[in-house]
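Take a look at the structure below.
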Amino acid sequence: MNDDTFVGRLAGPPETAVLGVILPVPEPWASLLVEWRTKAGDPQASLVPPHVTLLPPTEVPVGDRAAVAEHLTEVAANHPPFDMHLAGTGTFTPVSDVVFVTVARGIGNCELLANDVRRGPLERPLSFPYHPHVTVAHDVPADMLELAYNGLQDLSAEFRVEQFTEFEQTPTGNWSIARTYRLTGPRR
């Protein structure tokens, strides 16, 4: 399930940018999840903070950046803050060797946000159906997948989601925050 994982990619031609949009996991859980991802030997552990993906890495023309910002501002204005509960672990094996923390509450909010984010200048197909989750082990040996799966199965993290973050891939392949968007929409 690589299309929702922020894996290293070669930078596109200078006239394009590679963007991703995420819901960051706050502290103290973010540090805990980075620690577990590092323990599992995941090479992505320190590159992008723990998150639920709304838009996987997507190449866009640099000339569309203003339209992207306008689009994401509008999306944020149409969605209210919501509560999220992360609980337990899951896996995409055998389709993909990924262990993740499950979104137990807030799934519908994530789906609505992701659908709206992936419209207009960010419209794109997905390789797999959208499944909100927080990756904690990817591209690691089976015993390390098992370690992460068992080690985080009792995790329970509850927090309020009040914003989403747009990331841009740098020429070196790392990710940097381009902008955050506060959710200011009316309650549904």
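A straight line joining the Cα centroids of the range 16-53 and the range 82-119 runs 14 Å. Other residues within the sphere of radius under 14 Å centred on the Cβ of residue 68, judged by their own Cβ, net out at -3 (K and R +1, D and E -1).
Binning all Cα-Cα separations of the range 16-182 at 10 Å, short to long from zero, yields these whole-percent fractions: 10, 39, 37, 13, 1. Averaging the sequence gap over all C-alpha pairs within less than 8 Å and six or more residues apart, then dividing by the number of residues, gives the range 16-182 a relative contact order of 32 percent.
Among 75, 98, 127, whose Cα lies farthest out toward the positive end of the dipole of the chain, if unit charges sit on the beta carbon of Lys, Arg (+1) and Asp, Glu (-1)? Toward the positive end, the furthest listed residue is 75.
Where a number appears in this text, it was derived from the coordinates with a stated rule and is not lab data. Just so it is clear, the structure is predicted and the values come from calculations on it, not from any experiment. So basically every Cβ, Gly included, is an ideal-geometry build from the backbone, and we count neighbours across all protein chains shown.
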